[in-house]
Structures are given as structure tokens and as C-alpha cells.
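As C-alpha cells, the structure follows; a few thoughts come after it.
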Amino acid sequence: MRIPTLPTWFATKASSAPTKKDRSQVRVGIPKVLNVWSTHQFWVGFLKALGVQPENIIFSSDTSEEQGREHGKGRGTVDCCYPVKCISGHYGELVFGQKKKINVLLSPMLYSIPSVLRGNVVDTLTCTRVMAGPESVKAGFLKERDVFAEQGIKYASPFVSLGDPHCVTDQLYDGLKDVFELDKKETEHAVAAGYAALDAFNAKARGQSRKILEWCAINQKPCILVMARPYHMDTGIGHEIEGELQAHGYPVLWLQYLPGDLDLLNWLFEEDMRIGRCKNPFDINDVWTSSYSSNTNEIMWGAKVAARCPWITCVVRLSSYECGMDQPTFTPAQKIVEATGTLFFKFGDLDSTKPAGSVRIRIETITHYLSKYSEDIIRKKRAYLSDQGPLLEGEWPERPEVEAESPAPQEQQEQVISVV
Amino acid sequence: MSLIQIKGTGGEEPISQMISAAMPMRSAGVGKLCGMDVGSTTCKYVLASPEGHIIAQAYERHNTRQAEKVLDFLNRLEVEHGFSPETDRVFFTGSGAGLIAPLVGAKVVQEVVAVAAAVEKLHPSVRFVSEIGGEDMKTIFFNGDGPSKSKQVLMQSACSGGTGTFIEKTARKLEVPLEKLSQMSYLGHTLHKVSSKCGIFAEADANTLLKAGVTVDEIIASLFEAVVYQNLATLTKGNTPQPEILLLGGPNLFFSGLQEAWRHHLQKVWKERKVAIPDDKDPSALIRVPDNALYYAAQGCIEVGLREQAHIGLYKGAKKLRWWIEEGQHEEKKKQGRGGLWADIEELESFRSRYAETPSTKPQPDIAPKPSAQPKVAPGLVGIAPVRGKGLGRVVVGCDFGSTTAKAVCLSPEKEMLFSCYALSKGNPIEDAKLLFRQIREALGDGQMLSLAITGYGKDLLKNILGADCAVVETIAHASAGVHFFPDADCICDVGGVDVKIMILNNGKVTDFRLNSQCSSGNGAFLQGVAERFGIPLSEMADGAFRAQAMPQLSMGCGVFLQSDIVNQQRKGWQAEEILAGLCAILPLNVWIYAGNLNNLTSVGKKYILQGGTHKNLAVVKTQVDFIKSKVPDADIVVHPYSGEAGAIGAALVALDWWERGGRTGFRGFEVVENLSYKTATSVETVCHWCPVNCQRSFIDVELLGGKGRTWSKVPLSEGWERVIVNNSCPKGLVEDLNEMKAIKAEIEKTKNAYPNIADMVRNEGFLRAH
């Protein structure tokens, strides 16, 4: 190991001071795909810290059939994973569909991602197909001629382990130094800014979820948990199926943003920890030992939370066509959820087409069961827990007594707003 | 300098001259060479001298008699050209080659290899070939030049989308003769969206467009557009077709409109992707359709044959082929096919004794559940008389307003079935309701209706008008009726005339649901259509299928190919009853695997309820039972005892539950229903404008106490009236116009704002650049 002498020490310090380049005119396009749906604000924070103007950070629009037809035509991959396949449309939109051209197309290959479960699971990796997605899609733009070069665009696809913060500075420096003329120090600073922005967003979203649960607890109303991968929030991939349930008057939580507050989780998992089923509320070893995949881990954890939280009376599972990562989780996740009588519904094999007729019938089916069974489910799940729990404490008004009898069915039905 | 003289698309030389000039021989044998292309719709041959000079060529449709047409060709070759066994050589290619080639000593050349060999020889500057066949499509990309020249082949043959059959089938539906179709143009027409994915979808789209008044010319142009789009979208895989381009195969040759569509799209792609075009060339001249486009595969066989040793592909004469046609194929038919729908007579009898009891011989049972056994009544209770003399006492009523019939049942609070009736739908739900309620009123006598629930297509339209207490979604209605009889049911499989519904249950609740109303594969209408074509009445279909001792193995999946497969099997000598048995046998595969996408039935469960009209066919029930048991050996499969009324019974059970929980009916009363007065409007003002189809809807305005009216409508309605919209072809048409949509959306937004969705926050704030 080299021992720094005084002159080298000072030399290093002098050269490592951030020498911020003027990047105010650089326009960066980011395809809004895959795990960008859960790491969005990292990239915003990172680029802003590098001096890229906010208006020069361009995310592609939501996935749509038109986007694929117009911009991805003939550049498709043979991938059977639709969320990967549709990336070519996003690339095409950023390359050809911008009034003001972009200079950089930034499409990170995310090897791992941050997770609330980190430390309690083997790893928080992404699906290999998803991680390598940018590589296979890029080929369609390079195969015959370098379309990016022709359009004056630098293509940047850094390999990033966002789940391991200590690796990220080196990885992004290596992957982007030529694109943005980076130096190490400013990269480190920008990475810190990226994490800060993402953490702030996640905290806000988790806070919102907690508020929803508190509202449900006070009003003794049910809510729905969507169990899916982050990109199912893309309206072209998840088809806003959960939005139709919301339109029937049910608040909707997503497992990615379930509250991570210990007061709440300790209450929900109190008995499990007491009997030694799990060490802490984030421990999923009792149900999923092969816990290396981040989104899969969170799906299993979400199932555990949903099974225990009284006001989550229904879980809606979304899964894309032939998703090999989802496949092994279908039965265990469903069994965990249903173990406490919580309703479980699955929309599988989603691809580019929204099966509107079938979705409409299923939404009506789900709302029927929700209105019929939610109250019993809440009552039953409350009985498993020790006391009234943290959601009903504090400044909130006293909880109204649960009616001994069900309200007249007609009253229940009036809450349902029909959707066309 | 190349010896090949290639002119523009209009004035190609005959292939024989071109080939003769182009082919100096390398390893000439002593005999002549014949290249035979046995395709899905036609046979083609090219005969060449030992040096490769073309002597003769022919092309004819085989009308699914591939072997016979090949024999005919060989006979002609022997007589007219002295084609001789043990001297001359023969090389086969095409989808029918594998079976016939060994019978005459021919060597099989893979189709794409054959086409590529001909193209490389005749058109060395070609970089992209599209060959569209009757049931497949292929593209070949050539890269590089000289020794480093490589090719990439992409082929699609599993689906009818983008093939010749796709075009012809739709054109036939539109009654466009082939001669006319070949002259029809692409350019200059307004294009409409026609599904490029599937021939059956395309046919449905074409029908809808025709109904909406779109001209046949525009539909055909849209069809050409769909074919080219499908080829470019699925078979280029990231490659750009570079000039020069060669279009081969029957459809590319015969349909000039298709050629126009190719030229239009390829030139557009070249412009978009900045493909360099030589200044002296007209881009459209770089896309060639040789006059002999049909013969390239056969010609390629000769090219391949010339490279082979002299003993390869030596013609053995047509004797064995003749034997095959006259006897062998019939013997083979039995070997290749499978046995009938039953193993032995005991097995069939045991099946019949469980599943085939006629309702007329049995008393009508109560519907109180008998979970231990299959209820001893088969489907078909429609129109029965009341069983309790005059008056039914206290009842709950369930109605199922379907698209073809409306049904109603009355249950006692003890869940006994007291009455059931039906009305054939007249397309006016008010009239249908009047008919049903007249029958219920008569049966009810001085009894009392405790509650009313309705299900089916008309449920939302009629709920308020009738004052029904619950509008029940069909899954819940069917699941309630199914679970009531079989509380441990895991799955309900409803195969109707036009759709297939699979409901997967868990703890008595529908957790997953598959609906297939877009593809004809597996539905009853397809089966019925084939039976009708064979002149077999519906009622005799099952007995006929059971009589078959053997049946052909038909292919699962696409209905377009299944139709040609049936013709093919017929040519092989399979009889109507055997083919029907074969169809019944593949129905479960089409239902569960192709339409339901359920490959693993063990994960679905053990108890299956079969219902819907198609399960009135006992042969289908047999194949369903056999199929499910082959996947889940300990499965228990039952046919719903009231298959036709399951929806109405389920609705009645929901109505009963509602009443038991304290609900009191809001039914407007028989008098009000009977006297419902309405007026119907069908005009330009009632046309639906949500999509280009522009359905001609009708508005049925019903005078109703408390009706809200529609003062904002183009066809205004005053207070005290309610509107029912009919003749729309999709649910969107139930919304009158933009004004109503705005009102509905505003209401939805209000609810959404009150009940947050975390994904909305992510969509709105996750990608914000400035906070």
C-alpha cells in the first residue's frame, strides 16, 4: 500500500476538488422502463447534481402500442419478456421522436436495486433478462448502422449495482466518464445526491401509504394492495387495472411503497417474532429462503404484510406474459395471502393488449367480493392482533365502533360507482 | 461479367431462358433433373436437362390432393418428356415433400435452401427476399458478397397472419373473386385497421368494416397493408430489407395491390433509415417480382441437384406412389389416426350411465345441494310448468338477459326451484323483460316476490327500469350457482356458442378468469359449423362421433388452418363422423391450452364443472372428461345439472342472500313492467362515434317514475324518462356521446381523488425533474 506523503496528499486533494463542467446544454434521455420505475429519482438527482438542467432530463412516455409501432418498428428483439421487448419503442421515441434532440441516451443496466429488505435477504438483484435488456435492445439500433452516432447521440448503458451504494460511484464513473467528462469526486457527490432524492421520494410515498392505512383504520374501510413489479405502474404494461378498482372507491397501495415504520410492522409481526417464526418484520426466511431477487423478495414480503394488515382485504396480483421470475411465487404468495382469509385475485399473462372485456368482468367480480366480505375480513384479522395498534393512535379521532351487523346491502352498493 | 440480364419488373425474361444462360454445368449427371415443389395449395415442377437447361415447367392447384397431383405430374413427365426411372433424377421441396419424396426415390431439399439457391444463382445482387406462401411466410436476408456471402432466414408457419390464406379467406368472405382480387389496388385508398395477427380476427374486422359501409376496395387495400405490416414487423427482427428486393410466392406474384403495398412500405423504410439508393435507379425498380416467381423453389431444387452426386435423387418410378394413393394412405390413415372416442364398450356405457340421463325420464329435483353425488338431472329445464299448483308462495327471482335468450327462475327461500321460463331475445330488452315477467306473474299467482337480481349482457340497462335489487356480474352468477351444487368446485368451464369462459375458484370465490371471445378456436359455433357442412343435425352430432371407430389427429389452434386440415383429412378418406370425433377430441386442447392458456391443470384443482351449450354434446363431455383426467387423474368432473339456467339460478341465489341480509325489494311491480311505455329512435343522431365502425345504435326511451332524463343529449329526453341503448357492438357504445363520457369521467375522477392510488403518485411525481 502506498503511504501518502505530504506533497502527494496535497496534490490529490487539489486535483480531486469537483471541477464541474458546464452541462447545462446537455440533454439526457432516459427510457422509462423496467426498474427505472423504482429508481427514477436517483437518476434525476444524479444528473441534476452534475449540472444537467431539469428541463434537459427527458423520460420517454408510458409504453403504448403506438409507441412500439411508430418508433420501435422492425427493431424488436426476440425476447419473450414484453417489458423488455417494448424498450425498443422507448429508445426510438427518444432518438427520433423529440422536437429538441437529445445528446445522451442513458439506459442503465441495473444489476441490483435498493430495497427495504436489504440486510435480511441474500441479495437484492434484478432479473438477469431485465438487467441485460438494454444490451439486447441496443442491438436493433446498431445492427446495420450506428443509429445513435448518426443522430449525434451518445449511448450510455452503465452497469450499476444500485443495491450496493459503495460500488456505485466507481461503476458510474467508469460507465459515464467519457459521456459526461466526469471526475471521480463529482461523481461521488452526484451519486450521493441521487440516493438522497430517491430516499426522499420513497419516504414520501411510504408516508402516503401509511396515511391511507390510517384512514382505512379510522373509517374501518378496506384497501387493496397491488402485488406486481415496479414497471406494472406503466399504463401500457399494467393497463391501469388497479385504477378501475380505485374508481369503485377503494384506495390502492403498491407493495414497493408499503410503510416501513417499525411501530406498525412490529405490531403486525409481534406474534411471529414472539414464536420465532421471523427475527424481525423484514425477515422473509420463513417463506422464501432463496432470497436473491429484489422484486421477488418484496413480493413475498408484501404477501406477508397483506396477510396480517387488517385493512388490506384484497390483493391484486399483476404479472406479465411468461415471467419466469414470477412463476415460482404464484402459489406461495397466494397461499400466504389467503391464509388469513384475505382476498386474492390474479391478472396473469399481461402483454401489449388490454383484455378490456375480461378486465371489466373481473373488476366487477372483485368489487362484489370486496363489498361482501371486507368487513368480516377486517374483523377477523383484527382479532389476530394484540391491541388496536399504532394506526389508531395519536391525533386521530377515536375509532368508531364496528357495527355488529352488516349494513344493508343497498347502502353498500351505493358506494360502488359503475365504470364504463 | 454476369451472364444474367435482369430487366425491370414488367418485362422479365422467362426463367428458362434466364437459367439456360445463367448455368454453366458443374457436375452434370446422365439423366434429366426434375425439381418438384409440393406446397400447401399448389404443386410446381421444373424439368431440366442433365446440364441444367430448362425443358419444361408447370404449376397447378392440387385442391388438397398433393400426392395425386404429383403422380399426375410424373405421368405427364414420363409420357411427354420421356422422364425415366433409374436414369433421371428428382428433387422435392415444399410442405408435402417429406411424405411423397421417399415413394419415388426423390431427395428432399429444405424450402428456404431451395429458394435461396435459385435466388443466389439468378439474382446475385438481391439482398432481401420475401416469399409468401399459402400457409407460411419466409424472409431471407443476404449479407456480404462473394465467398463471404451469408444468409439469414426467418420463417413463420404456425399462424395464418400474413399468409396467402389470410388474404384469400377474407376476400372470400367479401365475395371478391380471385381474378378481381389480383387486379385490386393498394395506393390511393383510405386504410382501416385490420388485424394482421390472425386470419379469423381479420375476417371479423373486415365484416365489421363492411357493415359500417366501408367499400370493398378500401378493405382489400387495408388487408394488403396488414400483410406487409405483419411481414415487416415480425419477420425482419431488426434488419432493414436492403435493395435489391425480390418478392416471390403466389400472393406476391398474383396480387398487384400487395406489390404496391410492399413498394410503398419498403421505400418509406429506406427513406426513414437513409438507405442509399443508386442515383440512376428508380427505387421502385429495385423491388422485383419476377414473372416466374412461383418456380423459384422448384428451380432451386435443380440447382441443389446439380451439386449432388449422380446417384442422389434417382427416380424410382411412380409405382409406389400409385400404390400409396390407392391403398397405402388408407392403411396409413388408420395407423396415423387414433382410436375412437372410447376404449371399449364397457367404458362408453359406464360414461353414459354417469353423464347421459335425460331430464324427461326424471322428476324435477329441488336445487337443494346434494354434494355427494352428481345431481340426477341433465341440462334442459327451460319452460317447465310450475310444480306447486296455483301460486308459488314467497320467491326470489333471478333473471339472465343474454344476447340470444332471456331466462328467469324462481326459488323459494329454502332454495327450491319452483319455476323457470325463457324468452327468445327480440333485440329489445324491454320487450324481453315484459315477456319474462308476464310468465313469472302468471306462475307466481298471489305469491310474493322477495327480491330480484339480474345478470347477463342486459343487467346494467335494466336494473333501474325494473327496480332490480342486484345487478350481478356473470362470473358471480355462475360461481354462485356452481358452488351451490358443488361447494368444493375448483373450476367452472363454460363453453358457449361464441365464447369460452373459464372461472378458477378458490374457497368458493372466483380468483382467476379467462375469457376468449376473439378467437373461434374451441368454441361451439366452430363445431356446429363443421357439423352443418357435413349435413349432420346438432342432436345427432354426439351419436355420430361416438360411432367413429377411429379418427384423424387434427391440429390444435388456429381455426383457419383447422379448416384446411379438415379438408385435407377428408381427402385422405376420413368420413364425416370420424372428423367430427376428431374435432370433439381436440376441443379440450383448444379450450384449455389454446384459448384458456392453462397448461398446468393440476394447479387449477380437482373438481371441474362443465356448463354452457356446447357441453350438451355428450361427445364433447367425453373428451373433456378424458382430457382433464389425463392431466389430473383424480379429477372429479361434473356437468352442471341446469347448464342453461346456471346464470339465472346464480342471480336468484345472490338475490336471496341480499334479502336474508335485510334487503327489501325495490321491484317496480308487474303492473309497471307490463305497462312500460317506450319509444325507439334510430337515426343519424343515434350513430355511435367512439370508433370508426360507427355502429347504428337505437335508443329505447322508457317512461319511468323518477327518470332523470337527458336534457343535454342530441336526442333530448325530458325528466320522467330513462334511456336504454341497444345495437351497439361493444360496451363503449353504451355511453351516448362525449357529453355523457365527460360526466362519467368527472364522476370517476371525483372518486379517484377521494380514494388515492400510490401508483398515481409515482406516475405524477416519480419522474418530476424539479421539486
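At a glance:
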{"quantity": "Test result for A:Phe59, within 19 Å of A:Gly152 (Cα to Cα) and either within 13 Å of another protein chain (Cβ to nearest Cβ) or touching an Asp or Glu at 6+ places or on another chain (Cβ under 7 Å) (or both)", "calculated": "yes"}
{"quantity": "Qualifying position, being out of contact with any strand residue (DSSP E or B) (no Cβ under 6 Å at 6 or more places or on another chain), touching a residue at least 60 places away in the same chain (Cβ under 8 Å) and farther than 30 Å from B:Glu327 by Cβ, among B:Pro85, B:Pro124", "calculated": "B:Pro124"}
{"quantity": "Residue match in segment B:656-672 (condition: hydroxyl-bearing (Ser, Thr, Tyr), on the phi < 0 side of the Ramachandran plot and in the same structural domain as B:Glu577 (by TED's automatic domain parsing))", "calculated": "no"}
{"quantity": "Hits in segment A:224-236 (condition: in contact with a strand residue (DSSP E or B) (Cβ under 8 Å, 6 or more places away or on another chain) and not in a helix (DSSP H, G or I))", "calculated": "A:Ile224, A:Leu225, A:Val226, A:Met227, A:Ala228, A:Arg229"}
{"quantity": "Within segment B:628-747, strands (runs of 3 or more DSSP E) holding 1 or more residues that are within 14 Å of chain A (Cβ to nearest Cβ)", "calculated": "B:721-726"}
{"quantity": "Scan of segment A:349-364 for residues that are farther than 17 Å from B:Met503 by Cα and either among the hydroxyl-bearing types (Ser, Thr, Tyr) or at pLDDT 75 or above (or both), ordered by number", "calculated": "A:Leu350, A:Asp351, A:Ser352, A:Thr353"}
{"quantity": "Complete set of residues in segment A:166-195 that are surrounded by fewer than 14 Cβ atoms within 10 Å (Cβ to Cβ) and either farther than 18 Å from A:Leu50 by Cβ or touching a helix residue (DSSP H, G or I) at 6+ places or on another chain (Cβ under 7 Å) (or both)", "calculated": "A:His166"}
{"quantity": "Any hit, segment A:69-82, residues being part of a loop (DSSP other than H, G, I, E, B), within 14 Å of chain B (Cβ to nearest Cβ), buried (at least 20 other Cβ atoms within 10 Å of the Cβ) and modelled with pLDDT of 90 or more", "calculated": "no"}
{"quantity": "Single match in B:Glu218, B:Glu203 (criterion: at pLDDT 70 or above, away from every other protein chain (no Cβ under 13 Å), part of a helix (DSSP H, G or I) and over 23 Å from B:Ser130 (Cα atoms))", "calculated": "B:Glu218"}
{"quantity": "Test: residue in segment B:306-316 that is at pLDDT 90 or above, surrounded by 12 or more Cβ atoms within 10 Å (Cβ to Cβ), part of a helix (DSSP H, G or I) and of a type in the set (Lys, Arg)", "calculated": "no"}
{"quantity": "Boolean, A:Leu110 is at pLDDT 95 or above and within 14 Å of chain B (Cβ to nearest Cβ)", "calculated": "no"}
{"quantity": "Check on B:Lys274, among the charged types (D, E, K, R) and either on the phi > 0 side of the Ramachandran plot or outside the structural domain of B:Val46 (by TED's automatic domain parsing) (or both)", "calculated": "yes"}
{"quantity": "Set B:Val483, B:Val473, B:Val500: member being facing chain A (nearest Cβ under 9 Å) and touching a residue at least 12 places away in the same chain (Cβ under 8 Å)", "calculated": "B:Val473"}
{"quantity": "Any hit, segment B:440-458, residues being assigned to a loop (DSSP other than H, G, I, E, B) and within 14 Å of chain A (Cβ to nearest Cβ)", "calculated": "yes"}
{"quantity": "Test: residue in segment B:608-620 that is of a type outside the set (Gly, Ala, Ser) and more than 24 Å from the chain's Cα centre (by Cα)", "calculated": "yes"}
{"quantity": "Long-range neighbours under 8 Å by Cβ, at least six apart or interchain, first residue within 13 Å of chain A (Cβ to nearest Cβ) within segment B:591-602, second aromatic (Phe, Trp, Tyr)", "calculated": "B:Leu598/B:Trp592"}
{"quantity": "Subset of segment B:57-66 (residues that are in contact with a helix residue (DSSP H, G or I) (Cβ under 6 Å, 6 or more places away or on another chain) and either among the hydrophobic types (A, V, I, L, M, F, W, C) or closer than 19 Å to B:Ile325 by Cα (or both))", "calculated": "B:His62, B:Thr64, B:Arg65"}
{"quantity": "Strands (runs of 3 or more DSSP E) fully within segment A:242-360 counting 1 or more residues that are facing chain B (nearest Cβ under 9 Å) and in contact (Cβ under 8 Å) with a residue 12 or more places away in the chain", "calculated": "A:252-254, A:343-350"}
{"quantity": "Filter result (within 23 Å of A:Phe46 (Cβ to Cβ) and crowded, with 20+ Cβ neighbours inside 10 Å) within segment A:132-152", "calculated": "A:Gly133, A:Pro134, A:Val137, A:Lys138"}
{"quantity": "Residue within segment A:221-234 that is more than 10 Å from every other protein chain (Cβ to nearest Cβ) and over 18 Å from A:Ile363 (Cα atoms) present", "calculated": "yes"}
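Quick grid of which residues meet (1) surrounded by 23 or more Cβ atoms within 10 Å (Cβ to Cβ); (2) modelled with pLDDT of 95 or more; (3) farther than 29 Å from A:Asp351 by Cα:
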| position | (1), (2), (3) |
| --- | --- |
| B:Trp592 | yes, no, no |
| B:Leu598 | no, no, no |
| B:Gly605 | no, no, no |
| B:Gly612 | yes, no, no |
| B:Phe627 | no, no, no |
| B:Lys631 | no, no, no |
| B:Asp634 | no, no, yes |
| B:Tyr642 | yes, no, yes |
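The values are calculated or read from the model by the stated rules, or taken from the named source; none is laboratory data. Computed from a prediction, not measured in an experiment: that's the story for all the values here. FYI the Cβ positions are ideal-geometry reconstructions off the backbone, even for glycines, and counts take in every protein chain you see.
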